[in-house]
Amino acid sequence: MYAWLNGPGQVFHDPLPNSTNYLSAYDKAGRLIRAQDANEKSRSKAEQDKEEAENEEDPDAQEASSEEADAARLRREARRQEQESKGDGNKVSSESMEDLRPFPQNTQFMSQPVLSVELRDEIFRRVKDGGLDVRTVSAQLGVAIERVGAVVRLKTIEEEWIKQGKKRATPYQTAILSMLPTTPFDATSPISTSSTRSRAPTLAHEPINDLPVHPATRPQLFVPVSESRVFTRTDAAAAFSASLLPAHARIPHPQLVHAERYRASGMTDREVRERVEEDEREREEREREREVRRREDEARRMRVVQGRRWDFRFEDVRVEDVGRDGLSERGVGWRYGAPHDDRKRGKVKIPTRVG
Amino acid sequence: MVVRIRLARFGKRHQPIYNIVVANARTARNSKPLEVLGTYDPIPKQSASGEGRKYKDIKVDISRAKYWLGVGAQPSDPAWRLMAMLGLIEPKYRPGGMQQGREMHEQPIHVQESVQDRAHVAQA
């Protein structure tokens, strides 16, 4: 143990700042692997610089693959900042995927990046000051909807705390974030403001349009279908459950798919954006109408009488709903003569899931 | 036999749920009634957001309740309270207690009297 502590383990006594410092980033002799690679590369650095200069000279070529260029620029900037902070003496490139494995034996496990402070602030700014909805911000910045919601909630609490004069654990945050890979935010990138084009995987914080696994789709299903029939996603959803929406309607950002489709049909970026915004407006209008109808319906059926300690909510129902035999489940009240649901044959009484 | 609007207790221990039923007065509490008007959940619930006042859920077919009152069904005291909240009959007991007698004398109680009168007729 002491051999390791005094030998290869010595580097961990003074951990490298702004790095994850995982074991797998060092070789057996305790040398930083990516620093060695950087040394090798620095010999051909002069050529690289020349290439970069050429790239910057012709913006037309960049436009075609603006996302990749963006990603590359971000990475370059991050590297430059890191180098500046350390001075030129010890140049260490940013962590590659191999350096983000906390468990050397488990090569499949990678440390996932967390939101940087700038990105969190930007999310909150766009929702609060910009008045954008959570879904749009999620699409713009490549952060999952749930995470955007969480950021907004927590930042709201933070603002309240600042107002109340509560002390925040900023040093703790700085220390933790310096040890974790983070997703940076680049305000100058044009893609950061487009809600109709998903960010490149290198720029996005995480995949945002994953299809959530619905419990109804879990069982294995064999549905015989004639060869001549066109079996769509809608049919597949109906096969699982009558009320299940098709996969393309259950993804968090269907508008991104529509945008791609519009783009493929030859629309310009501006047209696509207008069209998608129009679609969104229509969707919101539909939802609002449905909500209004639901409220009206409820107001028609519900009457609230204020009591001293609680309210009494009267709902007007129909006696006829129990059906002719009085056993229909749509009816109200105890169904005389019908067995308890939990007394039926084959009902498992032990709870099989929590919550 | 008198037809009553009354509550029939169902549910489990510590989880009562009442059927508001129309039944002949002399039948057993949980026997099959003439009609189930609705349900009354006596346990106050907090709204899903966890804020605001608590509430009790009551489901009742108001038009059928009106009909049964109109043909002389007599509500039991708890059922009377619920029907009175809906404004179908005059309240028997006021929420504040005490003042009920005076107010009831001041205001002629049309519905209540008519209901009781009809019930007397039915009994006779």
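The values are calculated or read from the model by the stated rules, or taken from the named source; none is laboratory data. Note that the coordinates shown come from a computational prediction; the quantities given were computed from them, not determined experimentally. All Cβ positions, even for glycine, are placed from backbone atoms using ideal geometry, and neighbour counts span all protein chains on display. Heads up: the accessible areas ignore ligands, DNA and RNA and are worked out on the full protein's heavy atoms, side chains in. Shrake-Rupley method; radii C 1.70, N 1.55, O 1.52, S 1.80 Å.
Here are some notes:
- Per-peptide average of other Cβ atoms within 10 Å, ordering A:27-36, A:14-23 highest first: A:14-23, A:27-36
- Whole-Hz couplings from phi, Karplus 6.51/-1.76/1.60, listed for the stretch A:320-334; x for Gly and Pro: 5, 5, 6, x, 5, 8, x, 10, 5, 6, 6, x, 9, x, 4
- Legend: mean number of C-beta atoms from other chains within 10 angstrom of residue C-beta atoms, peptide A:303-311, equals 5.
- Taken along its principal axes, the alpha carbon cloud of the stretch A:231-301 reaches lengths of 50, 32, 16 Å, longest axis first.
- Computed over the stretch A:114-191, Kirkwood Rh from alpha-carbon pairs, angstrom: 13.4 Å
- With a 10 Å cut-off around each Cβ of B:35-41, the average count of Cβ atoms from other chains is 5.
- For B:Leu34, net neighbour charge (Lys/Arg +1, Asp/Glu -1) across residues whose Cβ lies under 15 Å away: +3
- Close amide H pairs (under 5 Å, H built 1.01 Å from N) link B:Glu35 with B:Val22, residues at least 5 positions away or on another chain.
- Mean projected area of the convex hull spanned by the Cα atoms of the stretch A:210-355, taken over all viewing directions: 17.1 nm².
- Under 20 Å from the B:Gln15 label point (7 Å along Cα→beta-carbon), backbone N, the stretch A:320-351: A:329-351
- What the Cβ-Cβ distance of A:Arg153 and A:Asn39 gives, at R0 = 60 Å and to the nearest 0.05, is a FRET efficiency of 0.85.
- Violating pairs (Cα-Cα greater than 26 angstrom) within the set A:Lys349/B:Lys32; B:Lys32/B:Lys92; A:Lys344/B:Lys32; A:Lys128/B:Lys45; A:Lys128/A:Lys163; A:Lys163/B:Lys45: A:Lys349/B:Lys32; B:Lys32/B:Lys92; A:Lys128/B:Lys45; A:Lys163/B:Lys45
- List A:Asp37, A:Asp186, ordered by accessible area with a 1.4 Å probe, largest first: A:Asp37, A:Asp186
- Efficiency of FRET from Cβ geometry, A:Glu280 and A:His248, R₀ 22 Å, rounded to 0.05: 0.85
- Test item: A:333-341 mean partner chain Cβ contacts at 10 Å: 5
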